[in-house]
Amino acid sequence: MSEVLAKLWGRLPFTRVIAPVKQHISTKDEGSSLIVRGTSDRFFNRELSDLLFIERVMEESSNPMHPLFERVRFLSISSSVLDQFYAVRVAKLRRSAARRDGYVTPDGLTAIQQLMVVTEKANYLMQVQQESWRHLQSELAEHRIRFPQIEELDQADVGWLSNFFKSHFLHVLTPFTIDEEHPFPFISSGGLCAILEFGEGFVLLPLPSNLSRFISVPGEEHRYVAAESLIQFFWQELVPGEALRSFGFFQILRDNDLAKEERNDDLRSIVESGLRMRRKANVIKLRVS
């Protein structure tokens with residue numbers, strides 16, 4: 001994530017100064033000019049610093065001085081970097097908290113305390129991201145760029161989407177039945193899945209990573225339908241003859257920190273080991289809609 005942050009840092013016109021959070025201060029007598037280890041005036045929490053930078057990137061999505069598409073791009077970048085923050089930094093905090101090793105950061109926080117603070121801040125950022133996306137959609141609509149629901153389209157457009165679904169989606173989507181004889185399949189990190197509930201069980205529908213997330217609908221306006229909406233509308237093409245009780249999507253993020261606490265100077269072996277473990281690493285975050 002540090003490489004991504006470094007590339008973005010120079011592009012942001014910083015307009016404010018972030019003051020350090022006042023925490024427990026431990027100093028010598030007033031006559032001493034020395035600042036002892038652990039003084040909050042000297043240190044700012046690394047995880048909060050990363051989140052504040054992500055927030056700064058996100059703020060650029062509401063800056064009217066930027067072109068509209070550039071603002072959408074800033075919002076997208078903030079979401080991607082936040083996911084990477086969870087997969088690397090939060091994953092490391094969770095491992096440290098599970099070990100209960102007693103390590104305290106220079107700013108005076110344990111791993112569990114950091115997780116609490118980080119979770120609160122990250123939840124706030126995700127809420128603001130959703131609000132920003134809604135505002136951006138309204139501005140895009142003023143330029144005839146819309147993201148309609150399929151129910152809002154006319155019969156001709158729905159027919160075109162039906163043909164598109166059959167020719168581009170139907171052959172790459174594989175439903176998995178979940179019951180006592182069919183265990184829950186492995187879901188890769190970042191993988192988006194649909195889950196359908198029927199009268200006698202559930203069906204899981206992983207979306208391939210190469211599947212288009214937005215489909216352009218022909219017409220005078222620029223209209224885009226999300227792949228999730230397409231699957232939810234035409235699910236009977238995949239599981240015919242069933243009575244649907246509920247439908248939803250979920251996405252998971254797994255531990256993606258290659259720099260495990262290994263005392264090994266062989267960088268190649270560390271990376272190879274991390275890549276092998278990454279595929280089935282612990283789930284760090286679950287997103288449900």
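Quick notes
- Backbone N within the range 53-83 under 20 Å of label point (7 Å from residue 124 Cα along the Cβ vector): 53-63, 75, 78-83
- 3J(HN,Hα) from dihedral phi, the range 142-153, Karplus parametrisation 6.51/-1.76/1.60, rounded to Hz, x for glycine, proline: 5, 9, 6, 10, 10, 10, x, 7, 4, 4, 7, 8
- Under a 5 Å amide H cut-off, with hydrogens placed 1.01 Å from N, residue 224 pairs with 146, 147, 217 among residues at least 5 apart or on other chains.
- Residues residue 44 and residue 80, FRET efficiency given R0 of 22 Å [Cβ-Cβ distance, rounded to 0.05]: 0.40
- Taking the Cα centre of the range 145-254 as reference, the dipole from Cβ charges on Lys and Arg (+1) and Asp and Glu (-1) amounts to some 440 debye.
- Here the Karplus curve 6.51 cos²θ - 1.76 cosθ + 1.60, taken at θ = phi - 60°, turns the phi angles of the range 64-72 into couplings of x, 6, 8, x, 4, 5, 5, 5, 4 Hz, with x standing for Gly and Pro.
- Computing FRET efficiency as 1/(1 + (r/R0)^6) for residue 112 and residue 180, where r is the C-beta to C-beta distance and R0 is 35 Å, gives about 0.40.
Read the figures in this text as sums done on the coordinates, not as results from a lab. Being a predicted model, the structure only gives us computed values, none of them experimental. All Cβ positions, even for glycine, are placed from backbone atoms using ideal geometry, and neighbour counts span all protein chains on display.
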